[in-house]
């Protein structure tokens, strides 16, 4: 039986002996934690990172959302600016709730952050693709994709729907998803294997050559406070025994989200626990860092914010099909970012989505399997259970305008507009939400229909409220003195919207800032 963890803070007066100490103590050693540790080490202070696993638990993907004219963008002829990047992200990461001060800092500091990442060993290589690059290889339908995202060349991907409505009406469309390269060849490893955790692994390798100390198998469980309420350390467990570690400058919480904490999900994101969550992310995403902060009066915000994926691609040519809700009606432009489609389907269409294709789109040998096939839309209506006439009317309206290169209802772009006809195939996306990389699962729900799987790859977006430099806000308004946080322990850049790569960008950018701020506090004490 698992031991119950109390996050109730401990008074420093009750600590008889400290087992270790440092100027800055970083709790959690994923991408936000290692970035915080590096940021603090750059200031020349003593840094100790704690990781309760035997190594980093948070090895996520490898796309970084950067822009404003990075070397990779410039090398491929893309013109970008911090202002255009911010305009896009304000729309894509909302609506509402986006921290404008943080977003401004992130966009204006994006090019500098790119150079910091490269200096820390992340292989962001500007210029055209070498011939051996797996990223450059086109798929069978002629479109190269990386994890379901359209490849733009030179290590760049379209990772947030930049070229799709409504974002293409705001600023010129520019790809900002930066994918590390120089990772190997297709003969050695698959693209997924080459990309898994690349950014985090590079930063960890770089940190290993610095003065950062790491204690593995050491999990923090509660904060230690001075009489004035300042955070001065942590109490945790190592090898089954309690340990108390003093933080002379500050504690940085970087312990991840609460995606694997069912009680917190039921309290804040009731859409998710109604479904069975299976093998999503790592087991450390239990919200402990958030609860530790709340136990000392920290404010948590946007705890209801989530992101989920509706992966109708690959292949990318499937964008020429149409997405349907339970009524046989379209509900979004099919060329948009799959996270936007997923949220729309989950929150406004009961998590139900079907993809209608025809035999000119569906390639032979596809890993996808049609749920229904017919030459008759009326027959499909009946078999799927759509209202009579709904699918016929939807396709007729779509085809009439697609023939003229128009989509007046949802504004899908011309490259993906074509009349549908001949033999039709419908994929129930609950049954086949996408390929399942190791360690990533899907949300499952009971269903009376033929499928029991709905949308995949969920993220919780809420967390501790932090200021620009990672200072954790108290519910009374001021900061919790000596406490900092970064990554998915906090409410980051993405709120009620998301772009692939924004988490790695957010975690590393603001993780570094939190570490530097804690180090500055240590130097001035």
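A few comments on the model shown:
- Failed condition for residue 201, given (1) closer than 24 Å to residue 510 by Cβ; (2) modelled with pLDDT under 95; (3) buried (at least 22 other Cβ atoms within 10 Å of the Cβ): (3)
- With respect to the stated conditions, residue 157 fails to be assigned by TED's automatic domain parsing to the domain that holds residue 81, buried (at least 19 other Cβ atoms within 10 Å of the Cβ), within 19 Å of residue 338 (Cα to Cα) and at pLDDT below 90.
- Among the conditions (1) assigned to a helix (DSSP H, G or I); (2) at pLDDT 90 or above; (3) outside the structural domain of residue 477 (by TED's automatic domain parsing), the only one that residue 294 does not satisfy is (3).
- With respect to (1) more than 22 Å from residue 261 (Cα to Cα); (2) in contact (Cβ under 8 Å) with a residue 60 or more places away in the chain; (3) in contact with a helix residue (DSSP H, G or I) (Cβ under 9 Å, 6 or more places away or on another chain), the lone exception for residue 298 is condition (1).
- Filter result (farther than 15 Å from residue 324 by Cα and either surrounded by 18 or more Cβ atoms within 10 Å (Cβ to Cβ) or touching a strand residue (DSSP E or B) at 6+ places or on another chain (Cβ under 8 Å) (or both)) within the stretch 390-406: 402
- Residues in the stretch 403-424 that are within 15 Å of residue 318 (Cβ to Cβ) and part of a helix (DSSP H, G or I): 415, 416.
- Residues (more than 19 Å from residue 325 (Cβ to Cβ) and not in a loop (DSSP other than H, G, I, E, B)) located in the stretch 364-377: 373, 374
- Exclusive hit being within 30 Å of residue 269 (Cα to Cα) and either at pLDDT below 85 or in a loop (DSSP other than H, G, I, E, B) (or both), set 307, 335: 335
- One residue stands out in the stretch 52-69 among those that are at pLDDT 95 or above and surrounded by 21 or more Cβ atoms within 10 Å (Cβ to Cβ): the one that is nearest to residue 244 (Cα to Cα), namely 64.
- Against the conditions (1) surrounded by fewer than 18 Cβ atoms within 10 Å (Cβ to Cβ); (2) touching a strand residue (DSSP E or B) at 6+ places or on another chain (Cβ under 9 Å), residue 345 satisfies every one except (1).
- Those residues of the stretch 310-332 which are more than 15 Å from residue 426 (Cβ to Cβ) and not in a loop (DSSP other than H, G, I, E, B), in sequence order: 316, 317, 319
- When the stretch 237-273 is filtered for residues that are part of a loop (DSSP other than H, G, I, E, B) and over 30 Å from residue 346 (Cα atoms), the ones remaining, listed by number, are 239, 240.
- Residues satisfying the stated conditions in the stretch 292-306, i.e. in contact with a strand residue (DSSP E or B) (Cβ under 6 Å, 6 or more places away or on another chain) and within 10 Å of residue 491 (Cα to Cα): 300
- Hits in the stretch 359-375 - residues which are in contact (Cβ under 8 Å) with a residue 12 or more places away in the chain and more than 20 Å from residue 311 (Cβ to Cβ): 359, 360, 373, 374, 375
- Filter pass, residue 202 being in the same structural domain as residue 39 (by TED's automatic domain parsing), within 26 Å of residue 43 (Cα to Cα) and not in a strand (DSSP E or B): yes
The values are calculated or read from the model by the stated rules, or taken from the named source; none is laboratory data. Source: prediction; values computed, not measured. Positions of Cβ are backbone-derived with ideal geometry, glycine not excepted, and every protein chain shown enters the neighbour counts.
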